[in-house]
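All remarks here apply to the structure that follows.
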Amino acid sequence: MKRLLLGDEAIALGAIHAGLSGVYAYPGTPSTEITEFIQADALARERGIHSRWCANEKTAMEAALGMSYAGKRALVCMKHVGMNVCADAFVNSAITGVHGGLVVLAADDPSMHSSQNEQDSRFYAKFAMVPLMEPSNQQEAYDMMAAAFELSEKLHEPVVMRVVTRLAHSRAAVDVVEPTNEKPLDVCAERWVLLPGIARKRYAELIEKQPLMEIEASKSNFNRKETKGSEKSVGIIACGIAYNYVKETLGESGNILKISQYPLPTDLVKQLAAENDEILVVEDGQPVVEEQVRGILGAGYPLKGRLNGDLPRTGELTPDNVAQALGVGKTIAFQPAKHVAARPPQLCQGCGHRDVYTALNQVLATYPDYRIFGDIGCYTLGALPPFKALASCVDMGASITMAKGAADAGLFPSVAVIGDSTFTHSGMTGLLDAVNDKSNITVVISDNLTTGMTGGQDSAGTNKLEAICLGLGVEPEHVRVVVPLPKNMPEITRILKEEIDYPGVSVIIPRRECIQTAARHAREAKKLKEENK
Amino acid sequence: MKKDIILCGVGGQGILSIATIIGEAATKNGLYLKQAEVHGMSQRGGDVQSHLRLSTDVIYSDLIPYASADLIISMEPMESLRYLTWLAADGAVVTNNKPFVNIPDYPEHADVQEELAKLPTVVSFDIEQEARDLMSPRSANMVLLGMAAPYIEILAIAQLRTAIETIFSRKGQAVVDANLKAFDAGVAISMRKIKGEV
């Protein structure tokens, strides 16, 4: 049967059909739709597959490792920077090994369509010394999930699956197979206690498995050589989605080594090098393979790719820059139009974050010097006109801790703006630091009761924020709740001023539901009412 | 045969429902299809685009190469101009001509029209007014799809109509009819242009 699926949906369905028992994830573009698909899928619901959102990627990774310990197949999903958050658990899961199959899905975002960097998750797989799969299309994304779980169970190691935005968010028809059953509960008999004595032994075992992983990649059906040219010419190493851009350009010709499973199989690279006079490495993201091929072939072998400028050093691959690197770039038919203005994204009209920034800008303008440290969410758009309010946006939770550090250095007022979901993801521990240090900061938790930017997923801290702040030791009289609406501006600005002037930690929670999720909830309620009639 | 289409507009204007209809028709009629979308931040009042590729043969790239798009379908006039580097020499532009102004430096309407006029094949119409005249203001995107239908070629107009019926069927016959009416009005706009009546 064929189904029209986004890359993300193909991954989700592939996992369900491969006998998945739980997906653990925090929303992040371009990975969000994987978990959303599993949440909505009929079979997943019938089987009771775990799919509730986690507080962050680290708690997700650890829960998945626990499910694996109990013998079932688990999937962890995140955007590439989520790998940084879960890195401690992830890297150590390669040392403990796994029991039930464990797949770690990282969705990279070359060109930073919705991200703050374009780090390449293939480095993480190499760093942790575990296999990685990188589908070139939606069908492979579906097929690879079953293969990845099998490989994980065969090697007793987590397997990373890496996709990029253009695959995650592109739709194509996918052939699907009959679903297999979930694994039964089968709690691991071993103990995964990484005390130094045990960890040293485990690490040696992981090193011993490395040749095996490479053999698996070398004989994998996802890696293959396509030799169409009869004479020696340019050998092309096409990784993941890059394969499509090469095929788009060359059609049925070209000496291609398609790479979709790692570690990079040295034997296949050497063969390609022997059969050609030079090699072009085409890979989306950073030059991970190019650097390894340089090491395999030595400095004397002619090698082209991102490092020498045949392909751009930054940004995603396109059919155009790949065609250019293959020497067959097209000339455009029409010059770019003159009268086209940039149209950046904006906070929605009527959004509560707007009222928060209006109030903050109004109050802070009365102080000689101040900074607002921002965080990751829709409200990062407060950095743009008309608000231009933010001094920073670095990583999840950094608003509170950067405000603290700047206050430690003497900045006043030092203000943090963070969303509710980002606060429970990574802001709480920083707030504890600030409380313990009695830092002179004002923290604004702009609570829209959802994870807004990724499309309105449930937020882990809903209805718990005041209790969390009090529990962390913020003084009760300095935890203030307001409703961000234009009509409340006098009250909001008065409270802001009071709390900024309080020499210690204060938390202000402007709370009003995201207008997008509010509209959705209204539609759902109306539908429910009609159905009950 | 293949058709490469760029769908574009401003976040929230409903370009993805146009893609859904074409996708349904393509799948039902055995065509290969790839459709790359933009999700996340760019949806919030920013520019949005989708690359839609239809073919009788296997499609590799999810993205359309430069100078290859047979058609640009745009919910907004200035947005239709943003993607000209993708337009093939003989490509067509089908666009709403009612500007969506949510930025301070939006160009003069006349300048946008002048740029559009330089292109070989353009169908430009106020689809929002047309939809209001049809007493169906939420079907503006179906007027636009109708305008584009004669240029899609790889799918017959009747096949697109059937897809509209399928996609909207769960919302009831009244919604199906309103969308079909909007679609037919769009087709009529382009046919007048093709026959040289306007």
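A few notes on this one:
- Expressed to the nearest 5 percent, the antiparallel share of DSSP beta bridges inside chain B is 50 percent.
- In nm, spacing of pseudo-spin labels at A:GLU178 and B:ARG170 (7 Å Cα→C-beta vector): 2.7 nm
- Distance between the modelled labels on A:GLN271 and A:ARG45, one decimal in nanometres: 4.8 nm (7 Å Cα→Cβ projection).
- For the range A:352-517, share of DSSP beta bridges that run antiparallel, in % to the nearest 5: 5 percent
- Only lysine pairs 8 or more places apart or on separate chains count here, and in the range A:2-219 those with Cα atoms under 15 Å apart total 8.
- Note on A:239-249: average number of Cβ atoms from other chains within 10 Å of each residue's Cβ is 3.
- R0 of 25 Å, Cβ-Cβ distance B:ASP133-A:LYS527: FRET efficiency to nearest 0.05: 0.25
- Charge tally around A:ILE256: other residues with Cβ under 9 Å, Lys/Arg +1 each, Asp/Glu -1 each, net +4.
- Lone cysteines, chain A (no partner Cβ under 4.7 Å): A:CYS54, A:CYS77, A:CYS86, A:CYS188, A:CYS239, A:CYS378, A:CYS393, A:CYS469, A:CYS514
- Net charge of the neighbourhood of A:ALA18, taken over other residues with C-beta under 12 Å away and scored Lys/Arg +1, Asp/Glu -1, is -2.
- Listed by chain and number, the lysines placed with their C-alpha closer than 21 angstrom to that of B:LYS98 are A:LYS338, B:LYS118, B:LYS181, B:LYS193; residues fewer than eight positions away on the same chain are left out.
- Fewest neighbouring Cβ atoms within 10 Å first, the residues A:LYS527, B:LYS181, B:LYS34 line up as A:LYS527, B:LYS181, B:LYS34.
- Cβ-to-Cβ counts within 10 Å put A:SER121, A:SER260 in ascending order as A:SER260, A:SER121, the fewest first.
- Each of B:MET135, A:MET402 was scored by other Cβ atoms within 10 Å of its Cβ. Listed from fewest to most, they are B:MET135, A:MET402.
- Once C-alpha pairs closer than 8 Å and six or more residues apart are averaged by separation and normalised to the residue number of the range A:431-533, the relative contact order reads 41 percent.
- Amide H to amide H distances under 5 Å link A:LEU105 with A:VAL76, A:CYS77, A:MET78, A:MET161, where only residues 5 or more positions off or on other chains count and H is placed in the peptide plane.
- Averaging the sequence gap over all C-alpha pairs within less than 8 Å and six or more residues apart, then dividing by the number of residues, gives chain A a relative contact order of 11 percent.
- Shielding score for B:75-86, defined as the mean number of other chain Cβ atoms within 10 Å: 4
- Sequence-distant contacts, meaning Cα pairs under 8 Å at least 6 residues apart, place the relative contact order of chain B at 21 percent.
- Helical contribution to [θ] at 222 nm, DSSP H n ≥ 4, -39,500 (n - 2.57), averaged over chain A, rounded to 500: -12000 deg cm²/dmol
- For the pair B:THR162 and A:VAL483, label points projected 7 Å from Cα toward Cβ lie 5.3 nm apart.
- Cross-link reach is defined here as a Cα-Cα straight distance under 14 Å, omitting same-chain residues fewer than 8 places apart; for A:LYS225 the aspartates and glutamates meeting it are A:GLU252, A:ASP267, A:GLU275.
- Using a Förster distance of 22 Å, the FRET efficiency for B:HIS109-A:ILE515 (Cβ separation, nearest 0.05): 0.15
- Helix A:398-408 and the long axis of chain A differ in direction by around 60°, with both axes built from C-alpha atoms.
- Charge tally for B:ALA149 (other residues, Cβ to Cβ under 11 Å; Lys, Arg +1; Asp, Glu -1): -1.
- Between the beta carbons of B:ALA188 and A:LEU470, assuming R0 = 56 Å, the FRET efficiency works out to 0.30 to the nearest 0.05.
Coordinate-derived values only; no laboratory data. Keep in mind the model is a prediction, meaning the values are calculated, not measured. Note: ideal-geometry Cβ built from the backbone for every residue, glycine included; neighbour counts use all protein chains shown.
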